[in-house]
1. Whole angstrom only: what separates the Cα centroid of segment A:411-453 from the Cα centroid of segment A:715-736?
2. Could you state the number of Å between the C-alpha centres of segment A:379-399 and segment B:59-102?
3. Specify which residue in the list A:T448, A:V399, A:T468 is farthest towards the positive end of the charge dipole of segment A:397-501, using unit charges on the beta carbon of Lys, Arg (+1) and Asp, Glu (-1), about the Cα centre.
4. Accessible area of chain A with a 1.4 Å probe: how many percent of it is carbon plus sulfur?
5. Taking the Cα centroid of segment A:479-532 and of segment A:105-127, what is the distance between the two, rounded to the nearest whole Å?
6. Taking the highest mean first, how do the peptides A:572-579, A:650-657, A:742-749 order by number of other beta carbon atoms within 10 angstrom per residue?
7. Can you list residues whose amide H is under 5 Å from A:I334's amide H, if they're 5+ apart or on another chain and H is modeled 1.01 Å from N?
8. Name the long-range amide H neighbours of A:A306: under 5 Å, sequence gap of 5 or more, or other chain; modelled H, no Pro or chain starts.
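The values are calculated or read from the model by the stated rules, or taken from the named source; none is laboratory data. Only a predicted model underlies this, so the values are computations on that prediction, with no experimental measurement involved. So basically every Cβ, Gly included, is an ideal-geometry build from the backbone, and we count neighbours across all protein chains shown. Ligands, DNA and RNA are excluded from the accessible area calculation, which covers all protein heavy atoms including side chains. Shrake-Rupley method; radii C 1.70, N 1.55, O 1.52, S 1.80 Å.
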Amino acid sequence: MAPRCRRYPLPLPRSSTGSGSRRFSFSPVDSSSAAESGVAGSTSRALHSGVAWYAGIRGKFYEGKQSSDFYKWGSGLSLGGVRHARVASMAAVGAKFEAKPEDCIEVSVDGKDVTIAKGMTVLQACEVAGVDIPRFCYHPRLSIAGNCRMCLVEVEKTPKPVASCAMPALPGMKIKTTTPLVKKAREGVMEFLLINHPLDCPICDQGGECDLQDQSMVYGSDRGRFIEAKRSVVDKNLGPLVKTVMTRCIQCTRCVRFASEIAGVQDLGVLGRGGAEEIGTYVERLMVSELSGNVIDICPVGALTAKPSAFTARSWELKSTESIDVSDAIGANIRIDSRGPEVMRILPRLNEEVNEEWISDKARFAYDGLKRQRLNEPLIRSADGQLEPVSWARALKTVAEAALKVNPDQMAAIAGKLSDAEAMMALKDLMNRLGCERLWVEGNGEDTVADLRSNYLVNSTIAGLENTDACLLVGTELRIEAPLLNHRLRKAVRNLRAKVGVVGPETELHFKAEHLGNNAEVLASIAEGKHPFAQTLSKAKFPSIVVGSGVLQRSDKEAVLAAVQTISQNANVIRDDWNGYNFVLLNAAQAAGLDLGFVPGSRATVGDKSSIKFLYLLGADDLTPEDIPVDAFVVYQGHHGDRSAYRADVILPGVAYSEKEGTFENTEGRTQQTSPAVPTVGDARDDWKIIRALSELAGVKLPYDTLNGVRARMLAVAPNLFRVDELEPATPLPKESLPEVKAKLESSPFKRAIENFYMTDPISRASKTMAQSTAAFSRS
Amino acid sequence: MLRQVASRGLAVLRGAAASQRTCAARVFSSSSSDLHEQIRRLGPLSREYSTALNLHRNTTDNNPEVPFEFTQANLERVKEVLSHYPKNYKQSGIIPLLDLAQQQNGGWLSISSMNKIAEIVGVAPIRVYEVATFYSMFNRQKVGTYHLLVCGTTPCMLRGSRDIEAALLKHLGVDRNEVTADGKFSVGEMECMGCCVNAPMIVVADYSNGVEGFTYNYFEDLTPERVVEIVEAYRKGEKPKHGTQNPERLNCGPAGGLTTLLGEPKPPPCRDLSAC
């Protein structure tokens, strides 16, 4: 079975069946299967700007998926089956990029004719033909540098080998990649690269997954002719996340280009020249970016490696599990590398529509928090105030007794940031059966309504935000709240010169953005059309608004959201072919919680917490001790002894995301599942199972005994949560159908939703690496 | 000649060099033990580069807090330089601006001067550092009023540039890239300055008269004695005659007068235009 979570981009966009243009295939597979593929997957794909779209898949993240079977997309890869018509039409937004037959040329690679788009490089042509070209400096998501010279190929009628990554393919070019000239040229390049590269593979963390090591197996010699000393380079301090051994650097400049083009921090540069050339910051400076860990992945050698996992494991010892990140609401696709019961590192997985191939530093490095502060046995607070270990039976019985003693009106349940949909489903069912309707998910606020799905999702989709040409950010620090979404917006600014206006706390977003003010008056004046940015939005072709879920914590949130609705209507943000209304969630649990209706019911009291006598916390830690009444019975079910555990009367140990199969929905409404990578600790149990067992003791037995049973229940409540790896877009309702809002805007400024990016949830708060990052990168 | 290993930031540790030597020797030892000896005779296998350290360390006179401003007169020049380039390509002016800043700053670029230029052309400071570290004629540490640059490229080296440098260093009592106590002289190394016909040669960058009077003078056909005389002349405030120091030579002509091409050169044979 093909790995279910992978979404590979097509090597070239296929013309939509509805577009009327001749169906055209670029596939090296024969024409009959190409024709079939045209029928099977008619979704057209927006071509990313320039040559940056991904023509090839290779390298260390994508093991098990060789480029050869990637090119069989005609039969093997579809875009995830049935799509909503809106997605297809939104993809057509990029129709201007669509390759037409007249935009194509034919070249021959090793005697095989391939059809490629104009403007592709020789290297990309070779990839279309299924020929792997060795490379160090070329990276499909970065600008072309052409400085490593490893990708030399022979082109007929040229006197010298050409660097294929930097040479545009021309019609009729005859490219040869297997000739003795090519071999000799690459061997020469390799010999030069190895002149200054230390022979420290045995102590290098990149060993086993090093591009230089791999390629020297093909092009390297068993001895060198260079008898002088190798040079040595001063190591740079890039902070607690990225370890540098600059002597190993081969000056491919990928990290420099990543920093300036993707992360947007202009800190790294190429210093010096010739043999003295080195990568550095010149002045002593840390690389402060939420995406800085990605330089570790793009570094082809061991110059940049992960500091937290230095010298801990070899790549071949690790078991890889494909999973989903829960540190924010983006749902980045990750690979958890584990050895035995220990998570050794976390790497990104390719998913063009979610995280491309990047993940945030918190997703990558917070894993050491999984080993600290863990709850591994049920605990009950004894009469003397100490927590004492007890059996599961006794713990559950205590909880059930306490719950049954309390009037349902005086009960409340809060789902934490990292809760999976299954546990939330079970908890909602349990609480509802006990008569309690006072439920909310952390981050959503206590009185959120979940009636309109389009109001709490990133409707443009994460990838679709790249197409916007004017964007208004309301009450959000996007770089901190959702670094990968910020990166998409940054792409729009870079590629489409999108204009970005910010109403909210002033933050460096790493791209050009106009700070319009941090108060509701600005928002009101945009809504009234008085503010110049209102014109910018209404003139834009694909206007968008990004609202941070920090506004949910405001007392005038309805007025704010109404103002945003007005702006979106005035600027025509929601149309049939484009929905630019985006609500960015903060936490992994929020979207699924809203979809499942994990919100206060109509009879629930809201606001005053002093009446609560029984509080069920499903990994929820945001309440301060003052929020919880002294006489309340607090149940804490979670995996970390975090803030709320200190207040708990009973602690039920649950499992972390790396240990369970849980469903999560990301902020654009895409359902994804984690997979268990490591066994759970101690006596901990799956969260939904704990609740199921508790329900029996409380006399309200839940009607499911298996994970599939819970999921069947989820299917009944929110069918989209059953369709894993699919994006379920929301249908926007016209404004007229919405209830009128009478609330008034308040003048208070928008607050920061996240004070410290590196510590937002129980796992990252328990992480030493994140503590070090906080110390090194804190913005105060 | 002893290399100034210690004074160079990129020098390789001697220990590392020694182990490298053994490694290299092991590869070839199967053929001959003479080679081992040859390698040993190569001396310390360190790598030397003409550029200085690619790293800035704050000192009292070179840190981002030390203010740098272009003078009013030079601000006019800055404007003039930037007018050469389109408005959206102001970064093309980085090199001329660095040159201007270096002349104003007495021959070297402080970190704040580079930051200032980054601000003027609207790029991140690192982009300016990249340029400044690339070109060896930009000095990123203090130099003397007269910065003496010895050509170290092959023709000059074969004609004795190492001796010229040794004479200079000995006479001035400094290491390479070190400034004399009176702040007047410093010695650096340059790559080929296109004067190979009159090798060996040095260049004297003369910062004694600011931006207006800045000169960059070649002194060619040098001997260790003559180069010391030049230094002494500068010390006295004289401006020694630049160009070839060989009295028998005129510019780059042959010493002692022409030996060939003595007659009137024959005109090239012309086509018979009437033939076409």
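1. That distance is 18 Å.
2. Between the Cα centres of segment B:59-102 and segment A:379-399 lies a distance of 72 Å.
3. A:T468
4. On the way: 15470 of 29430 Å².
Taking all protein chains in place, chain A shows 53 percent carbon and sulfur surface.
5. Comparing the Cα centres of segment A:479-532 and segment A:105-127, I get a distance of 41 Å.
6. Values: A:572-579: 17.1, A:650-657: 26.6, A:742-749: 12.5.
By packing density, highest mean first, the sequence is A:650-657, A:572-579, A:742-749.
7. Under 5 Å from the amide H of A:I334: A:S323, A:I324, A:D325, A:R349.
8. Close amide H contacts, sequence-distant or interchain: A:K243.
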